[in-house]
Amino acid sequence: MHASAALGRIQPSATLAMTSRVLDLKRQGIDVIGLGAGEPDFDTPDFVKDAAIEAIRAGKTKYTNVDGTAELKAAIAAKFARDNHLTYTPDQISVNVGGKHTLFNAIVASVDPGDEVIVPAPYWVSYPDVVQFAGGTPVFVAAGAAQGYKLRPEQLEAAITARTKWVILNSPSNPTGAAYSEDELKALGEVLERHPHVWIFADDMYEHIVYDGFTFRTIAEVCPALYERTLTVNGCSKAYAMTGWRIGFAGGAPWLIKAMAKLQSQSTSNPCSIAQAAAVAALNGDQSFLKERAAAFQRRRDLVVGMLNEAEGIDCPTPKGAFYVYPDVSGTIGKTTPKGVTITDDEALIGYFLDEARVAAVHGAAFGLSPAMRISYATSEDALREACTRIGEACAALR
Ligand SMILES: Cc1ncc(COP(=O)(O)O)c(C=O)c1O
């Protein structure tokens with residue numbers, strides 16, 4: 001017995017691997033600051049927890065409709081109408097076990113071997129692996145710091161072939177924090193309107209975490225002509241600090257939603273009934289805390305960007321959203337550590353930071369664009385200040 005060919009096409013998640021390495025070091029009593037995980041340090045709001053406890057008491061502990069309860073689909077429809085001015089009926093809504101599961105279901109339900117999926121790089125680590133698992137081919141398009149880590153219309157045009165099934169757009173982005181403006185989305189939309197066989201996977205997971213008064217827009221909203229072939233994806237994990245509850249969802253074409261439900265009916269069945277009840281409370285409840293949390297994230301962003309730009313060899317752009325920075329680290333490559341080790345690439349730099357500075361970040365190669373690193377600043381300002389001081393000292397020690 002050996003693992004399947006499909007499994008051989010994918011890698012374990014690099015970000016989850018770093019998280020478990022940090023946990024291991026901490027268990028050994030080593031003082032390491034983990035900036036690798038994509039998870040808010042804030043707690044799930046109390047009103048959401050209370051709704052979950054109430055759901056347990058009320059006996060909402062049984063199987064539900066495979067792709068989401070009627071209550072949650074109604075709350076999601078209201079969310080799409082409120083935040084995105086998009087109308088989705090219950091048969092256009094799918095609820096899944098986290099946003100990663102939404103991605104998995106959508107891709108596995110629609111991609112055949114040989115199909116291409118355009119993935120702008122740097123990308124969230126799961127996109128290429130899920131495409132490859134399905135037998136598809138990720139087509140990477142480099143969108144570096146010089147273009148604000150955003151796909152340009154002419155690049156999109158050049159990447160589309162007769163085999164293109166999807167293009168993935170993630171705004172604000174994991175790992176860069178870059179976010180597309182309405183005009184930028186319209187420009188990409190003009191290209192897509194010329195290619196009616198291409199579907200759009202709009203990953204809006206960080207919609208509510210935006211800065212400097214940035215107005216979030218999603219592509220189906222600003223390009224109504226693309227609505228029919230856009231899957232608008234979101235979830236509770238990031239904005240509502242509910243990573244452990246595992247609720248992701250999407251709005252899109254009824255046939256695709258049905259196909260995703262068919263796949264889900266033979267894998268997880270329904271998402272946890274209690275987590276679904278909690279998600280209803282999160283989406284229907286008072287949303288004002290979202291802005292307060294975004295303001296806290298913005299203070300942390302400013303702290304981290306400022307301190308990293310002081311470090312020798314690191315050049316850190318200022319992101320518009322999410323809770324990541326993605327600095328270019330080319331200025332450190334080729335230098336030597338005090339122990340005489342040459343920093344050959346961003347993975348070596350991350351290893352040096354972990355071993356000598358006791359700070360965990362994730363190397364850019366994991367996200368498809370090097371030399372860079374991703375730092376998640378979803379942690380306390382004190383920890384961030386200490387981590388950036390350590391990174392600064394480690395950079396200064398390179399020769
Ligand atoms: C861009 C993006 N999309 C989707 C997800 C999925 O989140 P989850 O599966 O935790 O709901 C993540 C999580 O890291 C993400 O960064």
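Values computed for the structure shown
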| quantity | calculated |
| --- | --- |
| Criterion: under 15 Å from Ile219 (Cβ atoms) and of a type in the set (Asp, Glu) - qualifying residue of Glu116, Glu157, Glu182 | Glu182 |
| Members of the range 309-322 found to be closer than 17 Å to Ala145 by Cα and touching a helix residue (DSSP H, G or I) at 6+ places or on another chain (Cβ under 6 Å), listed by number | Gly313, Ile314, Cys316, Pro317, Thr318 |
| Extreme residue, farthest from the ligand (Cβ to nearest atom), among residues of the range 78-95 that are part of a helix (DSSP H, G or I) and touching a residue at least 24 places away in the same chain (Cβ under 8 Å) | Asp91 |
| Qualifying residue in the range 205-218 (condition: among the aliphatic types (A, V, I, L, M) and away from the ligand (no atom under 15 Å from the Cβ)) | no |
| Selected residue (criterion: nearest to Lys150 (Cα to Cα)) from residues of the range 100-110 that are open to solvent by less than 10 Å² (accessible area, probe 1.4 Å) and out of contact with any Leu (no Cβ under 9 Å at 6 or more places or on another chain) | Leu103 |
| Residue within the range 146-154 that is in contact with a helix residue (DSSP H, G or I) (Cβ under 8 Å, 6 or more places away or on another chain), of a type in the set (Lys, Arg) and assigned to a helix (DSSP H, G or I) present | no |
| Per-region count, the range 188-220, residues surrounded by fewer than 24 Cβ atoms within 10 Å (Cβ to Cβ) and polar (S, T, N, Q) | 1 |
| Among the residues listed as Asp203, Asp183, the single one being at pLDDT 95 or above, closer than 27 Å to Ala378 by Cβ and charged (D, E, K, R) | Asp203 |
| Helices (runs of 4 or more DSSP H) (entirely within the range 266-378) containing at least 1 residues that are in contact with a Ser or Thr (Cβ under 9 Å, 6 or more places away or on another chain) and under 30 Å from Arg82 (Cβ atoms) | 273-284, 288-310 |
| Qualifying residue in the range 363-381 (condition: surrounded by fewer than 23 Cβ atoms within 10 Å (Cβ to Cβ) and of a type in the set (Lys, Arg)) | no |
| The range 325-350, subset open to solvent by less than 20 Å² (accessible area, probe 1.4 Å) and not hydrophobic (A, V, I, L, M, F, W, C), residue nearest to the chain's Cα centre (by Cα) | Tyr326 |
| Selected residue [within 16 Å of the ligand (Cβ to nearest atom) and small (Gly, Ala, Ser)] from Ala142, Ala134, Ala187, Ala121 | Ala121 |
| Elements of type helices (runs of 4 or more DSSP H) in the range 1-62, at least 3 residues being open to solvent by less than 50 Å² (accessible area, probe 1.4 Å) and within 30 Å of Ala383 (Cα to Cα) | 14-27 |
| Residue that is part of a strand (DSSP E or B) and either in contact (Cβ under 8 Å) with a residue 24 or more places away in the chain or open to solvent by 30 Å² or more (accessible area, probe 1.4 Å) (or both), where the choices are Leu185, Leu226, Leu169 | Leu169 |
| Any hit, the range 96-103, residues being in contact (Cβ under 8 Å) with a residue 12 or more places away in the chain, more than 11 Å from the ligand (Cβ to nearest atom) and in a strand (DSSP E or B) | no |
| Selection within the range 229-243 - more than 9 Å from the ligand (Cβ to nearest atom) and closer than 16 Å to Phe42 by Cβ | Ala239, Tyr240, Ala241 |
| Filter pass, Val139 being in contact with a strand residue (DSSP E or B) (Cβ under 6 Å, 6 or more places away or on another chain) and either part of a loop (DSSP other than H, G, I, E, B) or touching a residue at least 12 places away in the same chain (Cβ under 8 Å) (or both) | yes |
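Table: residues versus (1) within 22 Å of Met205 (Cα to Cα); (2) more than 18 Å from the chain's Cα centre (by Cα).
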residue	(1), (2)
Ala78	yes, yes
Tyr123	yes, no
Val131	yes, no
Ala143	yes, no
Pro153	no, yes
Glu157	no, yes
Ser173	yes, no
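The values are calculated or read from the model by the stated rules, or taken from the named source; none is laboratory data. Computed from a predicted model, the values in this text were never measured in an experiment. Here the Cβ is made from the backbone with ideal geometry for all residues, glycine too, and neighbour counts use every protein chain on show. Note: areas computed on protein heavy atoms with side chains; ligands, DNA, RNA excluded. Shrake-Rupley method; radii C 1.70, N 1.55, O 1.52, S 1.80 Å.
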